[in-house]
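Each value in this text was obtained by applying a stated rule to the coordinates, not by laboratory testing. All values reported here derive from a predicted model rather than from experimental measurement. Virtual Cβ from ideal backbone geometry, glycine too; neighbours counted across all protein chains shown.
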Amino acid sequence: MTETGAGMRALHDPGLNDPATHGARAVRLARLAALGLPVPPGLALPVELVARIARDGARAALGDALDRALAGLGAGALLAIRASPPDPDWGGPHAILDIGITDAALPALSARIGARAARDLYRRLIQSWGAAVAGIDAEAFETALHERLKLEGADSEGDLDCAALERLVADYRGLFRAETGEDFPQDPAAQLGAALEAAARGWMRPSARMLRDARGAPRGAGLALIVQRMALG
């Protein structure tokens, strides 16, 4: 099955070959998959769908396809969102990684990759999602990190043990609540939907448009997005 609903296409779909529709990155990944290379499963969201997400929101634009996308990529899988513009020179929003980590998912993730690594990924998700999606100043997370390093007597984040990373996760969650008035979302679909909206709407910001103009993109250039299962090192 290549068409997955709402116009999305699987990255392993050999018919995914039009950069104008699904972006250059998605087409390249489809070609690599066709050659038998180990491309993690993922979905390409076409330009038209991303424009609808920017206008109406992810749930309105995707409906049940959002839940089917999560299910199709594997229960408990961590996901990444990456930009796939028709021309890679046009740039695009930064990737958002590790989507899907929640308190409920943490024990299974810890069993798979280790307790320390799982908590390190969790704090990275809160930091990147908080900045890219919730609009929290990235410097606030850096300040919280440095304060935790001082309290732990550590020179770098690599020196933090599992317990210290657990405390850093709590620091980041407290910062998130202080800045947004809400707890960090504990629903993977909500994490994914809000991240898709942030990426889609970020493409439409005046500063992003000006940057594309400077790089020779046509007016009204669209953005495709990729949702892909992460391969953890």
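Using every pair of distinct Cα positions in segment 157-233, the Kirkwood expression returns a hydrodynamic radius of 16.0 angstrom. Apply the a/c threshold of 1.5 to the C-alpha gyration tensor of segment 100-168 and tell me whether it is rounded, prolate or oblate. Oblate, because a/c is 1.5 or more while a/b does not exceed b/c.
Please state, rounded to one decimal and in Å, the Kirkwood hydrodynamic radius that segment 39-94 gives when every pair of distinct Cα atoms enters the mean of 1/r.
By the Kirkwood definition, the hydrodynamic radius is 12.7 Å.
Across the chain, how large is the tail of the calculated P(r) beyond 29 Å, expressed as a percent of all Cα pairs? The proportion of pairs with Cα distances above 29 Å equals 31 percent. If the elastic network links every pair of Cα atoms under 10 Å, which of ALA104, ALA20, ALA44 fluctuates the most in the Gaussian network model of the chain? Residue with maximal mean-square fluctuation among ALA104, ALA20, ALA44: ALA104. The Cα center of segment 119-189 and the Cα center of segment 50-77 differ in position by 26 Å.
For segment 1-77, what does the alpha-carbon gyration tensor say about shape, rounded, prolate or oblate, given a ≥ b ≥ c as the root eigenvalues, a/c under 1.5 as rounded, and a/b over b/c as prolate?
Since a/c reaches 1.5 but b/c is at least a/b, the shape of segment 1-77 is classed as oblate.
The angle between the Cα long axis of helix 47-56 and the main principal axis of the chain comes to about 60°, on a 0 to 90 degree scale. Taking only the Cα atoms of segment 51-152, the radius of gyration and Dmax are 16.2, 47 Å.
Might you report the magnitude of the Cβ-based charge dipole of segment 190-233 about its Cα centre, with Lys and Arg at +1 and Asp and Glu at -1, to the nearest 20 debye?
140 debye
Net charge dipole, segment 109-233: roughly 720 debye, given to the nearest 20, about the Cα centre with Cβ charges of +1 for Lys and Arg and -1 for Asp and Glu.
For the chain, a crude dipole built from +1 on the beta carbon of Lys and Arg and -1 on the beta carbon of Asp and Glu, taken about the Cα centre, is about 720 debye to the nearest 20.
Dividing the Cα radius of gyration of segment 76-205 by its Kirkwood radius returns 0.99 for Rg/Rh.
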